[in-house]
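Asks: Quick one: the structure is below, questions incoming.
The values are calculated or read from the model by the stated rules, or taken from the named source; none is laboratory data. Since the model is a prediction, treat every value here as computed from it, not as a measurement. Positions of Cβ are backbone-derived with ideal geometry, glycine not excepted, and every protein chain shown enters the neighbour counts.
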Amino acid sequence: MERCDNDMPFLLKYENVAWYENGKVRILDRRCYPTEVKFVECTDYHEVIQAIRDMVTQSAGPYTAVGMGMALAAYQVKDRPESEQKAFLKQACEDLATSRPTAGHRYRKVTEHCLNAALKAMEEGGDPVRACFDRTVESLNRRYSTMQKVGDYLCGIIPAGGTILTQCYAETVIGTVMRAARKSGKDFKVYCAETRPFFQGARLTSSCFASMGFDTTVVSDNMIAWTMQNRGIDLFTSACDTMALDGHVANKVGTLQIAILAKYFGLPFYVTGLPDKGKASKDDIVIEMRDPNQVLSARGIRNSLPEVKACYPAFDITPPHLITGLITDKGVYVPELIRNYYDTEYQEYY
């Protein structure tokens, strides 16, 4: 099967996101990259779920992980009666889909497609493990090709020789906007907000841009206003974990405060992604609350006394009036009109 991860940085190669092979799912441990390159190996689909919850992979990584987890689930029951296989896979589909709440509706699309592919393979005397694996690779190809259109639009907005500010790890969009820039001969500088408490911006986003030859600078999360004042930022851009049809977006916590600063300094804020058809408004967005202890330490070192408390909302919601445009595979929408996305033909993303 032809793949769409050519010319992508290390982090975006399919095998370096999540990969099923010989009864195991290997997931690159993004919590320690690039200090250490190691993989978490899962031999039970429940271990894939735990890896997602533990942030071994995040951003769009879980879309691949849950699909490969379905292949693993099919492998776990390959020698059982067909009725047991079907029941097991249906349960795995539900369990993997609910690994994390905020983007769970997207995970479910991947797992349900894999489930249907596995059931069809059983009916036709085929291999459900292979069916789940192939369906996941097809989903990866579709997502990468769809996001290439998004990356092309974003690249077109970035001024030649300009400077952009990013938040967290936009996964596929990072690879596609770089691919578009290299194809068009455009160059630009990148400032990456570090993104506490897991430092995705400092470790993942900056690694991708730097490894592909872009002038890349990391700033801590409390340096954003100074950076906008003094470093000639042309625009702020982020992906989103969910995009409601009323123009509200949920993304890594901290996105809202950067959007407010961008508005104050008169900088455009462009959000990349596709709208979620099942989320009519911000009221349909569930904000995941994670273990507060993760805020009290940085890469394994505790920074506060034992009696100090913390809280950790994983995401925040940015309202439409702070967003200049929502960049999709169909072009750029003003947030208030993103609901029109589904008025015309669209390609299944997952």
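Asks: Please name all residue pairs, on different chains or six or more residues apart, with Cβ atoms under 6 Å, provided the first residue is in segment 41-53 and is crowded, with 22+ Cβ neighbours inside 10 Å and the second residue is assigned to a strand (DSSP E or B).
Replies: Cys42/Val25; Val48/Val25; Val48/Cys42; Ala51/Ile27; Ala51/Val40
Asks: Looking only at segment 20-40, filter to residues that are aromatic (Phe, Trp, Tyr) and assigned to a strand (DSSP E or B); which one of those is surrounded by the fewest Cβ atoms within 10 Å (Cβ to Cβ)? First the steps, then the outcome.
Replies: First pass over segment 20-40, keeping only residues aromatic (Phe, Trp, Tyr): 20, 33, 39.
The next check asks that each one be assigned to a strand (DSSP E or B); those that pass are 20, 39.
Details: Tyr20: 26, Phe39: 16.
Once the filter is applied, the top-ranked residue is Phe39.
Asks: Considering only residues that are under 20 Å from Pro101 (Cβ atoms) and not in a strand (DSSP E or B), which ones fall in segment 223-265?
Replies: Ala239, Cys240, Asp241, Ala244, Leu245, Asp246, His248, Val253, Gly254, Thr255, Leu256
Asks: Restricting attention to segment 110-122, does a residue exist that is outside any helix (DSSP H, G or I), of a type in the set (S, T, N, Q) and without any contact (Cβ under 8 Å) to a residue 60 or more places away in the chain?
Replies: Looking only at segment 110-122, we keep the residues that are outside any helix (DSSP H, G or I), and these are none.
Among the residues of segment 110-122, not one is outside any helix (DSSP H, G or I), of a type in the set (S, T, N, Q) and without any contact (Cβ under 8 Å) to a residue 60 or more places away in the chain, which makes the answer no.
Yes/no per residue for (1) over 14 Å from the mean Cα position of the chain (by Cα); (2) assigned by TED's automatic domain parsing to the domain that holds Val66:
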site	(1), (2)
Arg108	yes, yes
Leu119	yes, yes
Ile164	yes, no
Ala170	no, no
Val173	no, no
Thr176	no, no
Ala193	yes, no
Phe199	yes, no
Arg203	yes, no
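Asks: Also: Report yes if Tyr63 is under 20 Å from Val173 (Cβ atoms) and in a helix (DSSP H, G or I), otherwise no.
Replies: Details: under 20 Å from Val173 (Cβ atoms): yes; in a helix (DSSP H, G or I): yes.
Yes.
Asks: Select from segment 42-60 the residues that are modelled with pLDDT of 95 or more, hydroxyl-bearing (Ser, Thr, Tyr) and not in a helix (DSSP H, G or I) and list them in ascending order.
Replies: The answer is Thr43, Thr57.
Asks: Has segment 320-336 got any residue that is in contact with a Lys or Arg (Cβ under 6 Å, 6 or more places away or on another chain) and either closer than 21 Å to Asp241 by Cβ or in contact (Cβ under 8 Å) with a residue 40 or more places away in the chain (or both)? It would help to see each step written out before you state the result.
Replies: To start, the set of residues in segment 320-336 that are in contact with a Lys or Arg (Cβ under 6 Å, 6 or more places away or on another chain) comprises 322, 329.
Checking the rest, the ones that are also either closer than 21 Å to Asp241 by Cβ or in contact (Cβ under 8 Å) with a residue 40 or more places away in the chain (or both) come to 322, 329.
For segment 320-336, residues in contact with a Lys or Arg (Cβ under 6 Å, 6 or more places away or on another chain) and either closer than 21 Å to Asp241 by Cβ or in contact (Cβ under 8 Å) with a residue 40 or more places away in the chain (or both): present.
Asks: Right, something else. Search segment 282-314 for residues being of a type in the set (A, V, I, L, M, F, W, C) and not in a loop (DSSP other than H, G, I, E, B), and hand back the single one that is nearest to Ser99 (Cα to Cα). Spell out the reasoning first.
Replies: As a first pass, look at segment 282-314 and keep what is of a type in the set (A, V, I, L, M, F, W, C): 285-287, 289, 295-296, 298, 301, 305, 308, 310-311, 314.
Filter once more, so that each one left must be not in a loop (DSSP other than H, G, I, E, B): 289, 298, 301.
Details: Met289: 13, Ala298: 24, Ile301: 27 Å.
Residue satisfying both the conditions and the ranking: Met289.
Asks: Please state which of the following conditions Asn222 fails to meet, knowing it meets all the rest: (1) of a type in the set (S, T, N, Q); (2) buried (at least 19 other Cβ atoms within 10 Å of the Cβ); (3) without any contact (Cβ under 8 Å) to a residue 40 or more places away in the chain.
Replies: Every listed condition holds for Asn222 apart from (2).
Asks: Go through the residues of segment 224-236 one by one and say whether even a single one is among the acidic types (Asp, Glu), touching a strand residue (DSSP E or B) at 6+ places or on another chain (Cβ under 9 Å) and more than 22 Å from Tyr153 (Cα to Cα). Full working, then the answer.
Replies: Going through segment 224-236, the residues among the acidic types (Asp, Glu) turn out to be 234.
When the remaining residues are screened for being touching a strand residue (DSSP E or B) at 6+ places or on another chain (Cβ under 9 Å), the result is 234.
Checking which are more than 22 Å from Tyr153 (Cα to Cα) leaves us with none.
No, there is no match, as no residue in segment 224-236 is among the acidic types (Asp, Glu), touching a strand residue (DSSP E or B) at 6+ places or on another chain (Cβ under 9 Å) and more than 22 Å from Tyr153 (Cα to Cα).
Asks: Is there a residue in segment 238-246 that is modelled with pLDDT of 95 or more, assigned by TED's automatic domain parsing to the domain that holds Asp316, surrounded by fewer than 17 Cβ atoms within 10 Å (Cβ to Cβ) and farther than 22 Å from Pro62 by Cβ?
Replies: No, that holds for no residue.
Asks: Further, regarding this structure: Please work out which residue is surrounded by the most Cβ atoms within 10 Å (Cβ to Cβ), limiting yourself to segment 225-237 and to residues that are touching a residue at least 60 places away in the same chain (Cβ under 8 Å) and hydrophobic (A, V, I, L, M, F, W, C).
Replies: Just the residues of segment 225-237 that are touching a residue at least 60 places away in the same chain (Cβ under 8 Å), to begin with: 227-228, 231-237.
Pick out the ones that are also hydrophobic (A, V, I, L, M, F, W, C) and you get 228, 233, 235-236.
On the way: Met228: 20, Ile233: 20, Leu235: 20, Phe236: 26.
Among them, the one singled out is Phe236.
Asks: Only one residue in Arg130, Arg135 is surrounded by fewer than 19 Cβ atoms within 10 Å (Cβ to Cβ), in a helix (DSSP H, G or I) and in the same structural domain as Tyr14 (by TED's automatic domain parsing), so which one is that?
Replies: Details: Arg135 fails: surrounded by fewer than 19 Cβ atoms within 10 Å (Cβ to Cβ).
Testing whether each residue is surrounded by fewer than 19 Cβ atoms within 10 Å (Cβ to Cβ), in a helix (DSSP H, G or I) and in the same structural domain as Tyr14 (by TED's automatic domain parsing) leaves just Arg130.
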